Every structure is written in C-alpha cells, then in structure tokens.
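Data block below; observations after.
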Amino acid sequence: MGAKIPFCLGWLIVWGSQLMAQQDTLEAKELAPVEVHAKLEQALRNKSNITQFERDSLGFYGAAGTSVDAVLRQAEGVHLRNYGGHGGIKTLSVRGFSTQQTTVSINGLPYQQPQSGVINFGQFFPEGYERLSLSRNGSTAAFNPLGGNVDFTIAPQRTEILARVGKGSFGEWQSMLRASLKKGKTALQVGYHFLEATDNFPFDLNGETGIRTHAAFLQHQYQIYLQRELSPSLELSYLATGFISHQETPGAVVTGNIASEAGEIDQDDHFYYLKLKKTFHSKKKWVPYSSSFWVNYHYNQLLYTLRGNVQQYNHHGGFLQYQMAHLWKRHRVVTHLQYRYDYLSGNQLAIRFQPVASVDRTEADAGIEHQVYVPIQPAKGRKWSQKTLFRLNYLPIYGLLPNLALTSTYHHHERLELFAHAHQAYRIPSFNELYYFGYGNADLKPERVQSVDVGGLWQPGEQLPIRVKASVFLNRTLNKIISVPVNPAIWRTRAIGRAHGMGVEVALEGQLGKKGKWYYAYTLQEAVDATEPDQPMLPYTPPELINYGVSWTKGNISFELDGHYSNWRFAFLQNTEANFLPSYHVLDASLNYTGRFQTFTYRIALQGENLTDTNYQVIQSYPMPPSSVRVVVVVKY
C-alpha cells in the first residue's frame, strides 16, 4: 500500500505548513451568492427518495456490526445477501433488482468493479464515513443508477482525534485511528482501520454440524481527504482511500461434503480523485455559477486461489469529468461530460473463447439535467419542483445508449411531500460476463432497466413527532444477462432474459418522548423472471422484509435494539423444495456508556448480534454466525 500512495502524502506536505495558521477571512459579500445557491439546492432535493444515516460524534451509527451493510439494511426495500461472517461477501439488492444493478459512489463519484460488476459492502467500515445515503432514484447529470445507489460521504465536520478498539467473538479484533481538522479554509481527515477475525463459529446446517474452518479475514483500510479553499472562488478536493485484505473463503455446507470448495482471496484496492471547483459570482443570465473538474484513478488487484490454482486479475481504471452548473431565477441546469477507461489483465480471460492476456474498454457520456422550482402559493408553503435528466452514454462496441429520468415533487408546508419518478438506464456487461474463459460472451448487449415509482412523505408536526414515508414501485429489466446451458457441462451468458418487479414500501420513524427514537420499515414485493412461462421468483428476493428498531438514552446510558425479518425465498430460478429457504428473524442490540474525562469523551459499548441464536442462512449452504458479542471502546479528543 505504501508503494501506491506516496503522492498522497505529498499533498499533505504542500499544505501542511499552512493548516494550523489559516484564519477564516470570508466576508459577507462573498458568502451571499453561495447562500442563495445553497437554499435553492435544499429546496430542490427530493428527500422522499433518499434514506440517510449519519454517525454521531463518536463515530457510531446505532447498529451492531463491523461493515456498512449492518447500517444500510435498516432501510426499506433493501435485502442483504450475506455469505456469513467477517469478510464474507455482502451485496445489496434494492426493490428486487440484481446486485449488479445496485451502484456505489464515494462523495458522489462512481466507484465501480468492472470485472464482476458486484460491490462487496463487507469491505467498507462505517466509522470512516460522515454519512451513508441510499438513493432509490436519485439520478443526476453525472450518475444514473439503475436499481439504487449507495453514496459514502467523507467530509470532516470538526477538529478531533478519534481512537477505537474492539474485541469480539470468533477471534475478532478491530482498531481505528482517525484525525480530522476543520479550520478556516482547510478540511483534512486521515484515518486507518484494521479488522481481523478467525470466524471459526459452530454451525448446524443441511444435516451437518461442525466448526466453520478456513474462514479467517484480515483487512487494512485507509483514508486521506483534503479540502482546501485556494481563493474565494476556487476550491480543491483530494481523496485517497483503499484497502488491502486477505480472506479465506469456506466452501458451501452440503450433506456429506463440508467445505469442499474452500479457497482464498487476496485483494488490493485503491481509489483516488482530485477535484477543482470554480465558483462564479455574476448576475448575467446563464453564466455558470460553478464549474468542476475531476481526475480519478482506481486500481484493483484480485488473487483467487482454489484447489491450488491461482486466478489473477489486475484492473486499472479512471475517468476525466467536467461539470458546469448554471443558475437562473428558479432554474438550475447542470451539464456533464465524462471519459472513462478500464483495462483488465488476467489469466482467465478470453475473446471468442480464445485465451487473451488483457482486455480494455473506453466509455464516454454526456448529460444534461434541468431542475425548476416553482412556488405555487408561497404564503401557504406550497411549491413544486421538476427535474429532467437526459444522458447519452457511448461505447465503441455498443454505440449510443440514451438514459432518461423524470422526477416531479410537490411540497406543502414542509409537512407533506408527494413525488413521482420514472427512468430508463442501461447496465454495461461486466468483464466476466463478456470475457471469462469458457463462460463469457463477447456479443452481449447491455441490460436495459425501466422503473416507475410514486409516493409521499408526511410529517404532522411537533405535536405528533412521527415521519411517514410510503411508495409504490414498478420495474422491469430487458436484455437481462442470464446463464444458458450450451451442453450439459458448459454454461454461457446470454442477454435474453426479462425480469419484472413491483412492490410497496412503508417507513415510519418517530420520537419516544425526549429520550427515545424508533423506526419501522416494511417492504412487500414481487420479483419474477418473465422469460419463463411460469414466471418463477427471482433468486433471493423475499416477498416481505421488515426492519425495526428502538433507541433510548438516560443520562450517560444509551440502549439500541434492531430487528430484521426476511420472508421465505428461493436460491435458484428453479422454485423447488430443494432450493427453498425459510424465513428468519434476528435481533441485534447495543448497550453504551458515554462519559467525559477532562478534554476526552469516551464510550464503552457492549454489542450483541443474533441475540436469539437463530440458526439460519441467507445464501443457501452458507451458515450465518450464531449469537456473538463485542466490546468496543472509543475515545475522542
């Protein structure tokens, strides 16, 4: 890791001599245009379609767990696909969409894994992020997610030093050290996180009992973020983040054959970007009030060892991105240009089923986004906003791919918000789907996703401190990429599938007096494979999902309880008894003591997961851990 980030430290040296000496010298006349823009941005934001989680001052999100999936699964419409234990692959499915149709961004910039197209959320630790946001249809000129997007926000808000250590069941050790500086025109954050676990937990599954072996996990994660105001109208941002991990992958537990496919995965992942933002203060029409330029580089190396064979992949990718934002009266127009390049080398690649050493892909897109904010009856707090997005994506192998998104929102006194959204977007096949030896198909067409949803948000007021959110959604996927047998021993990808989904989401949250909070999220959905005449259920898409929780604080003591229920589902498209997975219900809790000693604030947390010791599996033949405990100590200066 040290060999790959020397230039990260270079930026710190350049600015280091000025960090503590800067004073806030902004004048009111310089802030005035920015304040107007900020108010308009807030008015146009569609809150009904975004679920946000913000950490508290000690880095806690109010959920027991070591990775971001423990936080995100509290949201409605989300199903976590978990292979079990620390480091076990954890992917998200939103509203019945496939895991490859759930995208990820860091500070609003796309974070991609073009090799497989799947993001493993188990490799992201929540304490390193100021905010986690799940957007179900938050299309922008720069980004058009298919089945939802998760954004990780790194943005230091205060000057502090945070240290964290923890010890848990099944050989778990964790530690974190993060220093943040927020002073004058400079914001800086440097962090390091370490997690290790043996994951040797007992299991009773498929008629087999034993101790899970060959499941150890080790990961180092780092972050360096710098934001600097170079002048009243010019801002620089720099981010370097990544991880190095080693994961032993236990095999599936099947009758008479325990862990027969155990392997190992070594991964090295680094994500960098540099951003320059220029703000213009002009009263002329259509003069850009901001102009931003990004440079991104993403490196990922994967070594997969199975039965003595080593599969190696090296991915180099990145993009150049330019964006202009215009503000005129109640209108906001954003134009976006991006050029992306991905290069993948490995020993399991093929084109037309002939081995090759490497493949690459170039991609360009341009988008324009228009938002308008119209006060209908200002005295009564009635206002309406409309957002229209049109984006063209170009790849030499596919030509032009049009993406369109429309969102209308009506606000009434900040208590009622109604919205309607529709969009169409494309998913580019992953490198594995195109070129994996003996399986890929270089002639694949992109998947086309269409989605419609309507809903609303209601907040009665202070006399009844609750918040109710509900929505109905329809979606379908055309040219869905599926595996098709070409003979009894060989399967290959084909873009011939169709999938349909529909459902209802309801989310409620409120306060319990002045010391407590609660939430309840319910999802009723149906996702089927429309390719087949009998329209079987899609794998791992339960008809019902329920997430709920309660928290209470009294003095220095706080308590949090979270429950998660998933209905039955099937592991494969063959909806047979052999592929049937029963429902499960798990409870997690945390008991915390928070105190102060001189200038230090500290917290001692006792966390428990799967308190009822539920014996269950999310992914067929992969057991989930039984009851476990963790003690965490956090100190803030």
Legend entry - Under 12 Å, Cβ to Cβ, from Gln511 - net charge with Lys/Arg +1 and Asp/Glu -1: +2
Legend entry - Anchor Lys636: aspartates and glutamates whose Cα lies under 16 Å away (excluding residues fewer than 8 positions away in-chain): Asp56, Glu127, Glu130, Glu160
Inset, instruction - Mind checking which aspartates and glutamates have their Cα closer than 18 Å to the Cα of Lys275? Skip sequence neighbours fewer than 8 apart in that chain. - result: Asp151, Glu229, Glu235
Legend entry - Accessible area of the chain divided out per residue, in Å², using a probe of 1.4 angstrom: 43 Å²
Inset, instruction - Quick one: which residues, 5 or more positions from Gln112 or on another chain, have an amide H under 5 Å from its amide H? H modelled 1.01 Å from N in the peptide plane, none for Pro or chain starts. - result: none
Inset, instruction - Report the far tail of the P(r) of segment 440-483, meaning the percent of Cα-Cα pairs longer than 15 Å. - result: 64 percent
Inset, instruction - Tally up the carbon and sulfur contribution to the accessible surface of segment 439-506 as a whole percent, 1.4 Å probe, everything protein left in place. - result: 60 percent
Inset, instruction - Determine which aspartates and glutamates satisfy two conditions relative to Lys514: a Cα distance under 14 Å, and not lying fewer than 8 residues away in the same chain. - result: Glu462
Inset, instruction - Pull out a ≥ b ≥ c, the square roots of the eigenvalues of the alpha-carbon gyration tensor of segment 105-232, then state rounded if a/c is under 1.5, prolate if not and a/b is larger than b/c, and oblate in the remaining case. - result: oblate
Legend entry - the chain - charge dipole about Cα centre, Lys and Arg +1 at Cβ, Asp and Glu -1, debye rounded to 20: 2500 debye
Inset, instruction - Place the peptides 423-436, 448-461 in order of packing, highest mean first, counting for every residue the other Cβ atoms within 10 Å and averaging per peptide. - result: 423-436, 448-461
Inset, instruction - Working from the alpha-carbon coordinates of the chain, get Rg over Rh, Rh being the Kirkwood radius. - result: 0.94
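The values are calculated or read from the model by the stated rules, or taken from the named source; none is laboratory data. Not measured: the values here are computed from a predicted model. Reconstructed Cβ throughout: ideal geometry from the backbone, glycine too, with neighbour counts over all protein chains shown. For accessibility, only protein heavy atoms count, side chains too; no ligands or nucleic acids. Shrake-Rupley method; radii C 1.70, N 1.55, O 1.52, S 1.80 Å.
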